[in-house]
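Reading through the structure tokens given below for one structure.
Bear in mind these aren't lab numbers, they're just calculated from the coordinates by the rules spelled out. Just so it is clear, the structure is predicted and the values come from calculations on it, not from any experiment. We place every Cβ from the backbone using ideal geometry, glycine too, and count neighbours over all the protein chains shown.
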Amino acid sequence: MTRLTILILILMVVLPSQDEVDPATTLTSVGQIVPDFTITTTDGTVYTSQNLRGHVYVLDFFATWCAPCLEAMPHLQSKVWEAYGNGELLLLGIGREHSSNELAYFVKDKGYTFPVAADPERKMYGKFASMFIPRTYLIGREGTILYQSVGYDEEEFDLLLAKVRGAI
């Protein structure tokens with residue numbers, strides 16, 4: 001067995017499932033206004049909670065070493081970004097504890113085309129949660145959190161897709 005396979009198996013056992021996540025680690029709730037934020041993508045585009053008002057968008061907090069994140073990202077690329085990113089919806093990946101240079105290399109290597117931004121000191125992440133990734137949020141046109149999840153599984157992802165379709 002390769003070291004990577006062993007690491008992935010260990011992480012799958014150690015990392016909590018959606019049902020095991022302590023609610024105290026989640027600092028937001030569905031129905032509330034998204035916390036104020038400003039973040040700059042690897043291409044220099046600045047997004048704020050204010051300039052995104054009037055738009056539907058998905059925020060996905062991830063790390064390049066996180067097995068569930070790596071499992072979710074191809075689905076976010078194909079089923080969210082490629083399906084709805086034609087002006088109907090913005091998908092913004094936020095690399096927790098990563099630099100812009102690391103993320104630029106990562107998305108190029110993986111072939112992801114949605115915008116990504118670095119959050120090296122967890123300044124943005126810390127407004128949403130205190131632990132655990134991936135974390136995915138759907139924000140509606142009024143700036144309200146319509147959906148949020150921790151971790152990745154297909155059933156939960158299908159729920160995100162249904163919420164996206166309902167929001168756009």
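Peptide packing: for 73-79, 135-141, the average count of neighbouring Cβ atoms within 10 Å per residue gives the ranking 135-141, 73-79, highest mean first. The simple spin-label model puts a point 7 Å past each Cα toward its Cβ; for Leu70 and Glu154 those points are separated by 2.0 nm. Taken over the stretch 30-167, the percentage of Cα pairs per 5 Å bin, counting from 0 up to the bin with the maximum distance, is 2, 10, 23, 26, 23, 13, 2, 0. Along the stretch 112-118 the Karplus relation, 6.51 cos²θ - 1.76 cosθ + 1.60 evaluated at θ = phi - 60°, assigns HN-Hα couplings of 7, 10, 6, x, 10, 9, 8 Hz to successive residues, with x for each Gly and Pro. A simple count of charges around Ala118, restricted to other residues whose Cβ falls under 10 Å of its Cβ and scoring Lys, Arg +1 and Asp, Glu -1, yields -3. Within the shell of other residues whose beta carbon sits under 11 angstrom from the beta carbon of Gly93, the net charge comes to 0, with Lys and Arg scored +1 and Asp and Glu -1.
Converting phi to 3J(HN,Hα) with the Karplus coefficients 6.51, -1.76 and 1.60 and the offset θ = phi - 60°, the stretch 153-167 yields 8, 4, 4, 5, 5, 4, 5, 4, 4, 5, 5, 4, 4, x, 8 Hz in sequence order, with x at every glycine or proline.
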